[in-house]
Structure formats: structure tokens, C-alpha cells
1. Of the residues that sit in segment 135-154 and are without any contact (Cβ under 8 Å) to a residue 60 or more places away in the chain and farther than 14 Å from residue 173 by Cβ, which one is surrounded by the most Cβ atoms within 10 Å (Cβ to Cβ)?
2. Which numbered condition in (1) touching a strand residue (DSSP E or B) at 6+ places or on another chain (Cβ under 9 Å); (2) closer than 21 Å to residue 64 by Cα is the only one that residue 165 fails?
3. Just a yes or no: is a residue in segment 215-225 more than 22 Å from residue 64 (Cβ to Cβ) and touching a Phe, Trp or Tyr at 6+ places or on another chain (Cβ under 8 Å)?
4. Residue by residue through segment 183-209, note down the ones that are aliphatic (A, V, I, L, M) and farther than 14 Å from residue 170 by Cα.
5. Can you say whether residue 170 is open to solvent by less than 40 Å² (accessible area, probe 1.4 Å), within 22 Å of the chain's Cα centre (by Cα) and not basic (Lys, Arg), as far as the supplied structure shows?
Amino acid sequence: MNLKKGFTLVELMVVLMVISLLAANVAIQAVVRNRQTAEDAACTQARRQIQEAELFYFGDKGVHSIGLSDLVDSGYLLSLPECPNKGVYAWIPYPANSPSYQSILGCSIHTGAEALTSLGSTFTEISQGFIDFINAYYATNGNYPRNGWKNALRDLGLDVDEWADGINGIIYRPKSGTLLIKPDSGYSLTVDRASGSTITVSGNKKLIYSASDDKWYYQRIRPNNEVNMSTFQVINP
Ligand SMILES: [Zn+2]
């Protein structure tokens, strides 16, 4: 081989190696990109299935599902579709109180959408999250968390700072075997009594969830004060 005019053999080999490495790199990038596209698409498809199930659920019942597993439990999905990359699904906050509040599902990986709180974004997600924590605490310890809301949060393993302020107009306060919710300043809440008439919850008034009978009440836990939370609404200032 006569390479005197241009490259030595070693130089030529180095050039060929570099070229093959570059080619391999491009091929790997293409594979990675294809896989990402496929996983994006699978995630989008999974979220679309859940959104459609929620739409039917709301159409039939007039209220939103309580957590995604509710869609499976009530027969609107055979099983819960999941993100191929183990992203966490949460409803994206959308004009609060509108019927479309649970219409867009976000993925922590593929849409960059984050739930508003560690228990979810909507009232149904958050209140059900608290109720699940209170029931789990009782099942483990045989008694309910402490009375003061900060100590109750600590007993439940939740972050005191996260719950100090209201979320979308609602202040959440766990207390022993109950969850109290109050309107944030400037907001009010409305709900129908079990008997039908509508109550406005404003100022220091509250609604109380009682874990012992799995019911919601206005101000005090007694039969006449039971409310129907499927009629619950937050009134913006
Ligand atoms: Zn995803």
C-alpha cells in the first residue's frame, strides 16, 4: 500500500474507527428516539383510555370518580392502564369546580404535569387520600391520630408545611378519626344536606368527615347534619 501522499496506515485506521463510532452513535440515538416515541405513544394511549372511562363515569353518575382505582372497581375499566415508564398519573388542575375538572390526565414523566399535592389535585383525590391515610393508621395502631391537626398530620406521616395553606380554596385539617374541611379566606363552600336543602359553608364553619361511619356532616357529627358530598362545590371569591 502506498500511503505516503496522504495518510499512514495507522492514521487511516484511526479515521475509519472514528467514522464507524460516529455511525454507531447515530444508530443508537435513532433506536433510543424510536423507543421514546413508542413509550410516549403508549402513555398517551393509556391516559386517553382513563380519560374516556372518567367521561362515561361522570356521564352516568353525575359525579367524578374517587381515585383512578374507582374506575376499575365500578367496572368502567377492566384494569388500570399504566405509564410504560412508571410515571405517576394525576388529574391536571383545570378550572376548578367545572365538570371538566377531571378531564385531562397528566403523567409525571410524559406530560411534565405534576399533581397539586402529594395526595392528588382534585377535592375527591385529596379528601380520599386523607381518608385512606386515616383508615390505614387505625388499622395499624388500633386508635386514631392525635387531635391537633399538626400532630395528626405527623401521626399520618404527612408534611405539615404542605397542608398549612388552603388548596384551591379548601383548608384540610385531620383531627383524630375525622377530616375537617373549611373554606380558605375569601372562598365559601356549598353542599346539600342529606334532606335536600343547600348549605353555604363560610367563615369558620366546617364540613366533617367521620371515619367511624364513613359519612360527611356540617359542623357537628349528628344525623340531622349529614350532607351529600356529591353536591359539594367551592365558590370562588
Ligand atoms: Zn407516562
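1. 137
2. (2)
3. Yes; the residues of segment 215-225 include at least one that is more than 22 Å from residue 64 (Cβ to Cβ) and touching a Phe, Trp or Tyr at 6+ places or on another chain (Cβ under 8 Å).
4. 194, 199 - these are the residues of segment 183-209 that are aliphatic (A, V, I, L, M) and farther than 14 Å from residue 170 by Cα.
5. Taking the combined requirement at face value, the residue satisfies it.
The values are calculated or read from the model by the stated rules, or taken from the named source; none is laboratory data. What you see is a predicted model; the values in this text were computed from it and never measured. Using ideal geometry, Cβ is built from the backbone for each residue, glycine included, and neighbour counts are taken over all protein chains shown. Side chains are part of the model used for accessible areas, which takes the heavy atoms of the whole protein and leaves out ligands, DNA and RNA. Shrake-Rupley method; radii C 1.70, N 1.55, O 1.52, S 1.80 Å.
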